[in-house]
Amino acid sequence: MRATLPAALLTALALAGAAAAGTPGSADIAALQVGLATKSLYAADVDGLAGPATLAGLKKLPGAAGPLDASTRAALGTYGAMQLGDRPLVKGCRGWDVAKLQFLLAWHGFPSGRFDGVFGDRVTAALLRFQRWAGIDAIGVAGPATRAALEEPPPVSPIRLVRPIDALPGDPFGPRGDKFPTGVDYPAPTGTTVVAAGDGVVVGAGPVDGYGNLVVVQHAGGVTSLYAHLSKFLVEPGRRVTRGMPIGLVGSTGESTGPHLHFEVRVRDAAVDPATALYQ
């Protein structure tokens, strides 16, 4: 039965299965999704998953074949002309290879705004931060050393933390539309208690653009946890906290559509999936 399926469909199903299993989707499929979006053929999450919406958009692209076929990139015109590795990527570059770079940077903890295949100021900033994090020359050019570092698995938390609120998670870490939120949202009523996810020291407690009222706790192992959109602070910078200690109350400050806790975990400044840290 398997041998009778078209090779392109088998590839798509395999990629979809990998992403569904909890691993990052294919960066090439993400680049395809961005390319389809530029032609108004795709409007779902840029998640690297060759699902129904991706395949439907591909079907409408004249001259396209399988998701990763050369004819598909050719059908996207100049956007699809360069694959990652065909050229050093610098500010001003556009295309498939840039979109792939954006996707890989995001999954390694350094998102650069919208997935749009354009190497602008935000991509430059994200790339420099990643290069410093990875211990390679921070020159703002994506060459062989950067590509090799991005081939490594995304970082995970080296320590365990507890859920910071008695609530069920809503929006998860990862692709959402053409952006890449770097935390987990926990919808909860205003005033719900937020607790420290682990032992540590409060290194920040104040308003921050986008995050609203934000508490930042430094833990062991280069790990920090962030608690955003709070209505009230219950700690101040320099305070030593223990796991489960109240640190704030849920609110809707900053860029927020309703009361919830936005929770992030970072390892040496790289945003990691909080699921890699939280006890199940």
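The values are calculated or read from the model by the stated rules, or taken from the named source; none is laboratory data. These figures come from a predicted structure and were not determined experimentally. Ideal geometry is used to build each Cβ from the backbone, glycine not excepted, and the neighbour counts take in all protein chains shown. To get the accessible areas, we keep the full protein, side chains included, count just its heavy atoms, and leave off ligands, DNA and RNA. Shrake-Rupley method; radii C 1.70, N 1.55, O 1.52, S 1.80 Å.
Structure data summary
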item	result
Nitroxide proxy distance, nm - points 7 Å out along Cα→Cβ at T190 and K60	4.1
Accessible-area ranking of M82, M245, largest first, probe 1.4 Å	M82, M245
Length-normalised contact order for segment 210-255 - Cα pairs under 8 Å, 6+ apart - percent	44
Net lengthening on full extension, A220/T78 (0.36 nm per residue, minus Cα-Cα)	46.4 nm
Stokes-Einstein D (µm²/s) once Rh is taken as the Kirkwood radius of segment 76-206 over alpha-carbon pairs, at 4 °C in 1.567 mPa s	77
D69 paired with K232, simple spin-label distance in nm, labels 7 Å along Cα-to-beta-carbon	6.2
Highest-MSF residue in the chain out of G238, G80, G198 [GNM, Cα springs under 10 Å]	G238
Spin-label pair V90/A125, simplified geometry with 7 Å Cα→Cβ offset, distance in nm	2.2
Scattering curve values for segment 201-280, log₁₀ I(q)/I(0), Debye with Cα scatterers, q = 0.11, 0.24 Å⁻¹	-0.26, -1.22
Alpha-carbon radius of gyration plus Dmax, which is the widest Cα pair, for segment 116-166 in Å	14.7, 45
Antiparallel content of DSSP bridges confined to the chain, in %, to 5	95
From the coordinates shown, Cα Rg over 2.2 N^0.38 Å corresponds to which of (i) 1.08; (ii) 0.93; (iii) 1.16	(i)
Sulfur and carbon atoms: percent of accessible area, the chain [1.4 Å]	57
Kirkwood-type radius of segment 124-280, with distances r between different C-alpha atoms, in Å	16.2
Modelled FRET efficiency - R0 45 Å, L168 with A145, Cβ distances, 0.05 increments	0.60
Segment 18-148: proportion of alpha-carbon pairs further apart than 23 angstrom, %	29
